[in-house]
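Below: one structure, written as structure tokens.
The values are calculated or read from the model by the stated rules, or taken from the named source; none is laboratory data. In this text, all values refer to a predicted model and were calculated from it rather than measured experimentally. Virtual Cβ from ideal backbone geometry, glycine too; neighbours counted across all protein chains shown.
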Amino acid sequence: MNILDKFHNWRRKRRWNKQYKTGRWDSLKSEIESKRYYQIIDFMKKYAVENPRILDLGCGDGVLNKRMDKFNFENFVGVDYSDVSIKKAKAENFPKSEFLVSDIVKYQPEQIFDVVVFNEVFYYIHENEKRNVLNRICKNLSDKAIIIVSIYREGLGVWEYFKENPKLKEIDFKRVTTEIEKTYWKIAVYKQS
Ligand SMILES: C[S@@+](CC[C@H](N)C(=O)[O-])C[C@H]1O[C@@H](n2cnc3c(N)ncnc32)[C@H](O)[C@@H]1O
């Protein structure tokens, strides 16, 4: 990223912080949105190893973790560059979970993961960094690891990074719809090929 990109990145981070402070993203805890989280968890149940080590990139204030109360996992690491959202996630005191303030673009995992989740996040990563982020994450996956990607509607600048990546193979896909017209998510599962 050049200096201008870094400035925009910093501004976006500030905006997320402001929005988490005002409760703008409390909407993610609504009933409508829950279908998306439950689909992600269903994919984990179906394709992840037992008791997986989970990495939630751009975790916000930990809504996915909150929805996982009946799902067993070994540990859960949530990463987000909004310190406001991470503070809220930490305040929940989820068992076996850890939340870190870090930019996905720089984040270097300190352990191996069985599940990596990009839940309504990948389109926010700087275009020049998307490939690097994926490459770095792929180096910290276990043999049977899965990557789950959820995107609202069509999500420009997302799917090509997964579909055209020779290291990844799509193993499942669902379109999660709601009663609200044009409100849907596309959720896909990948594993290393
Ligand atoms: C729409 S919210 C989704 C939050 C969460 N994944 C969920 O679905 O409940 C997008 C999140 O991505 C985070 N984010 C965006 N770009 C990021 C980056 N470069 N590094 C870390 N977090 C980022 C934002 O701070 C925000 O919390």
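Just a few scattered comments:
- All conditions in (1) of a type in the set (A, V, I, L, M, F, W, C); (2) touching a Gly at 6+ places or on another chain (Cβ under 6 Å); (3) modelled with pLDDT under 95 hold for residue 89, with the sole exception of (3).
- Selection count where residues are farther than 25 Å from residue 52 by Cα and touching a residue at least 60 places away in the same chain (Cβ under 8 Å), scope segment 121-176: 4
- Residue in segment 27-69 that is farthest from the ligand (Cβ to nearest atom), counting only those that are at pLDDT below 95 and outside any helix (DSSP H, G or I): 69
Residue-by-condition table, conditions (1) more than 14 Å from the ligand (Cβ to nearest atom); (2) aromatic (Phe, Trp, Tyr); (3) in a loop (DSSP other than H, G, I, E, B); (4) within 23 Å of residue 173 (Cβ to Cβ):
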position: 79; (1), (2), (3), (4): no, no, no, no
position: 86; (1), (2), (3), (4): no, no, no, no
position: 99; (1), (2), (3), (4): no, yes, no, no
position: 130; (1), (2), (3), (4): no, no, no, yes
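- Annotation: residue 72 fulfils all but one of (1) loosely packed, with under 14 Cβ neighbours inside 10 Å; (2) polar (S, T, N, Q); (3) within 16 Å of the ligand (Cβ to nearest atom); the unmet one is (3).
- The one condition in (1) of a type outside the set (A, V, I, L, M); (2) in contact with a Pro (Cβ under 7 Å, 6 or more places away or on another chain); (3) surrounded by fewer than 18 Cβ atoms within 10 Å (Cβ to Cβ) that residue 153 fails to fulfil: (2)
- Residue list for segment 136-156, filter: touching a Lys or Arg at 6+ places or on another chain (Cβ under 8 Å) and over 24 Å from residue 181 (Cβ atoms): 138, 142, 144, 145, 146, 147
- Of all residues in segment 106-128, exactly one satisfies the criterion of being under 14 Å from the mean Cα position of the chain (by Cα), more than 7 Å from the ligand (Cβ to nearest atom) and under 20 Å from residue 4 (Cα atoms), namely 123.
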